[in-house]
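Structure first, commentary second.
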Amino acid sequence: MSAKPLPWADLTGPIYIPRELKPRKPYVIYACWAMVILLLVGGIFTRFKIALIFGVLYTLTLVTKKDIAVTERGLEIFYQMKITTNYNFWPWAEINAIVVEDRNHPEVIALHFGHGNASKRFFFTRRDTQDILVLAREKHPGVPVRQATDNPRSGGFSRRSRGL
């Protein structure tokens, strides 16, 4: 199965790709493939056939490719496996919060995108972060943009805050 073109490949507007903060080292990838071989051999030659299933599932996770982009349409995530693809799309109108988390890293800032009760965190360069926040305010003016150090919206549901 050849790699499919990305859903945002034909867009003319800005496309922001997050940075991978800690890519896998080569020895980790080799160790993962050794674990796959061990699981598959163990599943074939022992009575524990479930190891065969885990070996196949682990193989699928190793060959899965995940592409992420923030575009003028919203947040787009595209998973490509050997047997199938999955496309998650969060339009700007459905993103209910953006949280900016600056951990004083010299190059990147974490952005948390909220969608319903789900949240995704991605790391962008400082320049891209500013451009994404401008784009978010342009496409969805009502989206709250908060800093990770801000206080929560309410005092919670403790007994003291309810006067009990």
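The values are calculated or read from the model by the stated rules, or taken from the named source; none is laboratory data. Everything numeric here is computed off the predicted structure, so don't read it as measured data. Note that we place each Cβ from the backbone using ideal geometry, even for glycine, and neighbour counts take in every protein chain shown. Calculation scope for accessible area: heavy atoms of the full protein, side chains included, ligands and nucleic acids excluded. Shrake-Rupley method; radii C 1.70, N 1.55, O 1.52, S 1.80 Å.
One table, with the values for the structure above:
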{"item": "Matching label, percent of Cα pairs over 22 Å apart computed from the structure shown, candidates (i) 59; (ii) 44; (iii) 52", "result": "(i)"}
{"item": "Probe 1.4 Å, protein heavy atoms only - accessible area per residue of the stretch 13-164 in square angstrom", "result": "68"}
{"item": "Helix axis angle, 126-139 relative to the chain longest principal axis, alpha carbon, degrees", "result": "70"}
{"item": "Gain in span if fully extended, Cys32 to Phe54, counting 0.36 nm per residue against the direct Cα distance", "result": "6.7 nm"}
{"item": "Accessible area of the chain belonging to carbon and sulfur atoms, whole % at 1.4 Å probe", "result": "58"}
{"item": "Value of [θ]222 nm, deg cm²/dmol, for the chain, DSSP H segments ≥ 4, -39500 (n - 2.57) each, nearest 500", "result": "-10000 deg cm²/dmol"}
{"item": "Cα gyration tensor, the stretch 5-61 - rounded (a/c under 1.5), prolate or oblate", "result": "prolate"}
{"item": "Degrees, to the nearest 10: 50-63 long Cα axis against longest axis of the chain", "result": "60"}
{"item": "Above-threshold pairs, the threshold being 29 Å between Cα atoms, out of Lys49/Lys82; Lys22/Lys139; Lys4/Lys120", "result": "Lys22/Lys139"}
{"item": "Overall form of the stretch 79-144 per C-alpha gyration tensor (a/c, 1.5; a/b vs b/c)", "result": "oblate"}
{"item": "The chain, relative contact order in percent, only Cα pairs under 8 angstrom and at least six apart counted", "result": "18"}
{"item": "Extreme residue, positive dipole direction of the chain, given options Pro18, Leu62, Pro91 (C-beta unit charges)", "result": "Leu62"}
